[in-house]
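Below is one structure; the comments refer to it alone.
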Amino acid sequence: MGSSWLDRRVQISVLVALSLLSTATGQTDSKQRGQNSNVPPVPVSNKAAVEARKAKLKDLVDSAEWVPGKPIDPNKQKVRKIDVTADGFIRFLSLANSSRFNVQAQKPEQAADAFVNTWRSLLIGDSAAANLRYLRTVKRGPRSYVRYQQIFADMAVYGAEVIVKVNGNTDVARVISGASTRTGVFESGGASLNPGISGGESQKKAVEWVSKHYRRNDLTPARLSLMIFDPLVVGWKGPPQLVWSVEVTRRDKGPFDEYVFVNAQNGQIVFNYSRVFQALDRHVRDANDNAQVYYWGQPELGGDV
């Protein structure tokens, strides 16, 4: 399959993507989470993996096909846009309305599963410890949005998700990835998956920190779990790390619900966020200009993305 199906604009998009992989400078795509983050250059030992992803990306692009019975795109382009990181991981991939990645499946979830399993190296790498766990499907007419949570060593990677848009039951049309691409640091010895402090110690530190931050003395720890936190996923700087996620609430169960991430090695507070949603009321419009009230924390709208 030649490149004649690509119009000039998409040719440039694909060539830039492949050029980034060839240079492997290690600087993240400037559109990633809307942030400019400093990432160390890709180590020489990883250049073979970058080249492998470069070849895999070309295979993926070449596998797009026209949807039978639909008018061919006027620009004769199957792939509308591709954004990748410098080391070859997909951040965004969109096809024209008249093209698809055809996957043999009976249900949208099966199509999405087949797609992410086939192209997982372009999303989360090849590590046996890395996985994408199905979360849920949101349907909008004939379109389905299948969402996955990134998992590493059986632990969730905070905020790291992949969404696959499926038209009908088999036609994969779009992929959005917010996955961490730096979990390899736990396999190379750059970070440990064995906590240096106990969960009880982390709860104590979290309650002390939140009490001081909000000037309260009526707080108590609740849910506790180990997870991976990669600051780049939320637009921050810093290395991936193992954290204790500690929920802090009021003893009287009043409207207070704070999550605090405590570094599982040194006990430092590295991230926090509130889960009190009632105060935030937004009117959100989908791609069809349909408006509805959206409370932060409720399931996503599922409109066209």
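The values are calculated or read from the model by the stated rules, or taken from the named source; none is laboratory data. Computed from a predicted structure; not experimentally measured. Counting neighbours? That spans all protein chains shown, and the Cβs are built from the backbone with ideal geometry, glycine included.
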task: With the condition kept exactly as written, say whether any residue in the range 96-111 is within 19 Å of A179 (Cα to Cα) and buried (at least 22 other Cβ atoms within 10 Å of the Cβ).
output: no
task: Kindly list the number of the only condition in (1) under 29 Å from A49 (Cβ atoms); (2) crowded, with 22+ Cβ neighbours inside 10 Å; (3) at pLDDT 95 or above that fails for T118.
output: (2)
- prompt: P255 is checked against (1) at pLDDT 75 or above; (2) part of a strand (DSSP E or B) and fails just one. What number does that condition carry?
  reply: (2)
query: Filtering the range 100-140 down to residues that are in a strand (DSSP E or B) and of a type in the set (D, E, K, R), which residue is nearest to V79 (Cα to Cα)?
result: R100
message: If I filter the range 177-187 for residues that are basic (K, R) and closer than 30 Å to D113 by Cα, do I get at least one hit?
response: yes
task: List the number of the failed condition for E51; all other conditions in (1) surrounded by 14 or more Cβ atoms within 10 Å (Cβ to Cβ); (2) acidic (D, E); (3) at pLDDT 95 or above hold.
output: (3)
message: Can you pull out every residue in the range 50-69 that is part of a loop (DSSP other than H, G, I, E, B) and either within 15 Å of V172 (Cβ to Cβ) or aromatic (F, W, Y) (or both)?
response: S63, A64, V67
Sole exception among (1) in contact with a strand residue (DSSP E or B) (Cβ under 7 Å, 6 or more places away or on another chain); (2) surrounded by fewer than 16 Cβ atoms within 10 Å (Cβ to Cβ); (3) modelled with pLDDT of 85 or more for K31, by number: (3)
query: Mind checking whether some residue in the range 194-212 is crowded, with 18+ Cβ neighbours inside 10 Å and without any contact (Cβ under 8 Å) to a residue 40 or more places away in the chain?
result: no
- request: With the checklist (1) modelled with pLDDT under 50; (2) over 23 Å from V164 (Cβ atoms); (3) surrounded by 14 or more Cβ atoms within 10 Å (Cβ to Cβ) in hand, flag the one item I72 doesn't pass.
  value: (1)
